[in-house]
Structures are given as C-alpha cells and as structure tokens.
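Notes for the one structure printed next.
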Amino acid sequence: GMDTEAPLGMNVLSRSLLVLNLYFDDKLFGQYDFSQMVGQHMKTQCAVPELLLTSTDWLTRIAKPMYDTLKALCLNRHRERGFTESVLLPAFQVLQYEAATVDEKFRAENGLDATKVSYATNYVILNTIRLMERHVGLGIELGLYPNWYDLNTALWYRDFLLSALMNVKGSVVRDRTQRKEMDQQIKREEEEEEERNRAAAATEAAKQTQSMQQQHQQQHGGKKRGKAKKGKKSKQQQQKQVTATSTQIPNNGTSTTSTQLTAEDFEDRLEYTSLLLHRNLCRGLVRYIAVLRQAKMLPDPPASITMFTTHQKRFEKRFEAFSTLPQPPGLCYDDYVRGSDFSSVRSEDLLASATECFRSAKGIVDQLLDVLPESCAETGVALVDKTERRRHDNMYIPIRREEVLALAKVCVTNSLFLHKLSSFSSSPGGSGKERTSGNIAGGGVSLDFKIHKLYCTIKY
C-alpha cells in the first residue's frame, strides 16, 4: 500500500540511495508506471471508476503529491515532519479543491447524484487525514510534547483524527461495496443479454438452414431426407453445447470475483481494527491523565509557559499546519477545553472509563495476534504467513506483529497502575481524592516511552 510506515533499520546512506533511485526514467524505481499504480490504488481504496481516470487528467495531477508522500517516508523523522508541513499539507489543500472540481464535472457529464458521488474527493481526504495523523504521531516520537499538558493535547487531537479516518474509511468501504455490487449486476446483465443474442442468432441460423434443406429436398424429389434430418439434429446438439458452455463461463467469473471481494474485505477489516486499537489507546491515555488530575497527582502547568503567550496561542501554533485544510476542519483551543474537561464526571466513573479503554485495546490486540504472521525471533524459523492459505501473494498488513506485542505491554502496564489507583481510592478513611493523594503523593508521576514510541506508560 501507499500508506505504509517508513522503512526500519536503515541508515542514512541507505535512505539517501533509496530517495535518489525512487523515481527515474519517468517510472518508479525505473520500472513501474507510477500514474498507473496511483490509479489502481484509487480504484482499490475508494472504488474510483475507470471512466473518471480516463476522461480527465486527474492521474497526472495527483501523481506528484502521491510520489512526495513516498519520498517523505524515506526521510528521517525530523525532516519528514518538516517536509509534511511545508510541502505535503499545502499540496493536499490544493488537491482537495481540484478533486471537488473533478467530481463535479464527472457528475455533470454522467448525470449522477451530487450528494452521493465524491470519488476523487474521498481519496484525497483519506490521504490528507493520514498525513495529519502521522504528523501528530511524529511530534510525539520526537519528544515535542514532553510534559503531560502538552502530551494531552497531542493525544486528544490524534484521537479526533483517528475517529475521522475511521469514519471516512467506513464510508468509503460502503461506497466501494455498493460500487462492486453494481458492477457485478451490470456484468451479469451484459452476459445474459449476450447469451440471449447468441441464442437468437443460433435459432435464426437453424431456421435458415432448415429452409434451405426444404428447398433442396423439393428440388431433388425428397432425396437424402434421412441425412438432412441427421444434420439438423447435429446442429441442434451443437446449439445446446454452445448454450451450456456460455452458461458455465459467468459462473466461473462470479466465483473468482467473490474470492477477491473476500480478500479485500479481510484487509479492510484488519486496517480498520488497527485504527480502532490506536484510537482506544489515545482515548485511554487522555482519560488516564484526567484521572490523575482529579486525584491531584499531576501539578498544574507552570505559570512561566504563559508569561509571554497564552495556552490558546500555544495550541494554535502546535496545529497551525492544519488550519488551512478544508477537510477535516481544524480544531480550536475551545474545542480542546470542552473535549478534555472531565470535571463533571465522578472519579470512579472516569477511572472505570479509562480502564475499559485499555481493556478493549487489549482485546483488539489478542484478535490481531491471531491473524498476523509470526516473526523469526518468536518462532526461530523463517517467516510464516498464516494468511498464505488465502492468497499466494503477500497481504497488505497495516501493523507489524512486533508493534502489536509492544502495545499489549502498554495496555497491561497502564491497566495495572489504574487498578492500583482504584485500590487506593477504595481504601477506608477519608474521601476518594484525599485517600489517593495521601497514599501516593510522594511517589511522583512519570511518562515512560520505553515500551512504545507513541504510547507511554504512566507510572507513580
């Protein structure tokens, strides 16, 4: 896929060589037609019809920004984040407007419903949200949010982007399913019409042959009647064989299509499940921080950070790169304040909600581990792809098994500390908040990213 992560275990020399040879002779790695690959990706991801790709110059326009997304993955994280801000996001901002124009022209030329057909726009928005989500994730990896109050804003915004990505992808999958069902129906109708035409042609040919035979018999006094009858019977048998053969062909074609649909649906569910896992982890950490805030275990942000600015201005500068994008609309500081305010929620309910997020994430981890291939480090043998029984080629896997195992550790560790916190809250004597603060006040709270680069374990 074109939305995979950056290559791992590569030094700067390997990355430089990869960038230099990524595109030459007007082809990807000098071998592949990149415009054709983008077109195939659009048809696979968003069910973009072939007519839209061939009737416009859309592929030529979108090829360069999509190539830049691949180029960005070959850069280190610092340069990739800067490249995304200065090049990719402005390019996709323009692409959204151009995609809307392409869809409008396509709808007008083909008489389609304006409220349901947005093929090019959906594809551009899908890739835009992926860029935004990765941009925020890179900021977390690079340590740009070192304190809890900075990290909380990044996790909250990433939760929103993951939810938006899931919504768009769900809508695209539904549109793609409807599109394929419509294509199958059109194909069946065309095959049935072709079969009827063949049957009608064969019937007409048989009538002409019979008429000619009758004329021949009249001219020769009815001779060779038995032979003509035998020839007529042979012609009828041939017609039945042709009809039977033409009836079998659509069945074989339908079977192949259903197998492809099953494979694509499985990959879609796998990607959707991984997005749900990341969203639950972001949401769980935001609520975990809120629990610690209610327990007065986290200090207030120091006054020095707003000596020459405000919290609102700091928030706007952090996500300034998203403010010019038409879709999804950028979030403001007031949205963050309202979305992260849990003061009206009881501490017990908030703690239970945070625990449920990590428990749900752990359940998703178990599901992913059942289908993802095992690594050499775990088995001691060559890589065994459990999905090869479904297809011979490699399946697109949006998340590696090693990362899933690391996320499992994050879920378990945070769940244990939340359980520890709940046990302190339920201990006898005093109110819940006072008991929690009194028992753990001297321990301090730390954000540990040793297990995973994006999701911390909060210890105290």
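For the stretch 154-195 and the stretch 13-41, what is the separation of their C-alpha centers, rounded to whole Å? Comparing the Cα centres of the stretch 154-195 and the stretch 13-41, I get a distance of 28 Å. Just the protein heavy atoms count here, and of the accessible area of the stretch 146-215 at 1.4 Å, carbon and sulfur take up 50 percent. Listed cross-link partners LYS409/LYS459; LYS105/LYS169; LYS27/LYS71; LYS296/LYS420 are compared with a 20 Å cut-off, the Cα-Cα value being larger for LYS105/LYS169.
For the stretch 40-195, the solvent-accessible area works out to 44 Å² per residue, with a probe of 1.4 Å and every protein chain left in place.
For ARG61, the accessible area of its heavy atoms, probed at 1.4 Å with every protein chain present, is near 80 square angstrom. For the stretch 49-201, the square roots of the Cα gyration tensor eigenvalues, ordered a ≥ b ≥ c, give a/c of at least 1.5 with a/b greater than b/c, which places it in the prolate category. Counting only protein chain heavy atoms and rolling a 1.4 Å probe, the accessible areas of ILE289, ILE451, ILE305 rank, largest first, as ILE451, ILE305, ILE289. The aspartates and glutamates within cross-link reach of LYS453, meaning a Cα-to-Cα straight distance under 17 Å and a gap of 8 or more places when in the same chain, are GLU5, GLU80, GLU133, GLU141, ASP150, ASP159, GLU402, GLU403.
The values are calculated or read from the model by the stated rules, or taken from the named source; none is laboratory data. Quick caveat, the model's predicted, so the values are computed rather than measured. Accessible surface is based on the protein model in full, side chains and every heavy atom, while ligands, DNA and RNA are left aside. Shrake-Rupley method; radii C 1.70, N 1.55, O 1.52, S 1.80 Å.
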